[in-house]
Structure formats: C-alpha cells, structure tokens
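Throughout, read-outs are computed from the coordinates displayed, never taken from laboratory work. This structure is a prediction, so every number in the text was calculated from the model and none was measured. When we count neighbours, we look across all protein chains shown, and the Cβ atoms used for this are built from the backbone with ideal geometry, even at glycine.
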Amino acid sequence: MLIFFAGTGALQMFGLRLGILSEVHTRGYGSLPFMLLAFFMGLSVIITSLLGAAMAFRLGEDRKATWSCLLFGILVPLVLLLIVHFER
C-alpha cells in the first residue's frame, strides 16, 4: 500500500493522472476500511521511523552522524517547501 501511494503520488508530481488511482490523493476515497488502512499505514511509517532513530542513537557508534542524518532529513524537505512556497 505504501508503494502504491508513493508511486501514484510521484506520478502526480509530474502531472501524470491515472484516473481513479490519482483520486486517492485528492478525494481520499471515503470507504472506512480504506481510510483505516491508509491511517494505520501512515502511523506505522511514523512509528518505525521513530524506532529507527532511537535504535541509531542507542546502538550506533557515531552520534554525530545520527544527528546529521536527522537534521538533514528534516531541514532539506522544509527548505525545499519554503523555496516553492515563496516562489509562488
């Protein structure tokens, strides 16, 4: 499911619309089972990311590298979003 969302979202970034597959991102296709699946999929990505960061701090040898990866993973997307936002 995550690959489906990533793939259809990536295609939409370049203006390629795939009919009903693209509408999932815009309309949400409101069946309760689908919404619950999408919710728990997103929640699981957040939880596993936090667990991965905790494991990197706890088990990793180089905390500077761990902090660098976390900061770049947060700052780079934010900077790109700000650039796009202020270009409009």
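Tabulated results
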read-out: Per-peptide average of other Cβ atoms within 10 Å, ordering 71-84, 34-47 highest first; value: 34-47, 71-84
read-out: About the Cα centre, charge dipole magnitude for the chain (Lys/Arg +1, Asp/Glu -1 at Cβ), debye; value: 80
read-out: Cβ-based exposure ranking for T48, T66, in which fewest neighbours within 10 Å come first; value: T48, T66
read-out: Computed helical MRE - 222 nm, the chain, DSSP H runs ≥ 4 contributing -39500 (n - 2.57), nearest 500; value: -27500 deg cm²/dmol
read-out: Net charge of neighbours whose Cβ lies under 13 Å from the Cβ of G9, counting Lys and Arg as +1 and Asp and Glu as -1; value: 0
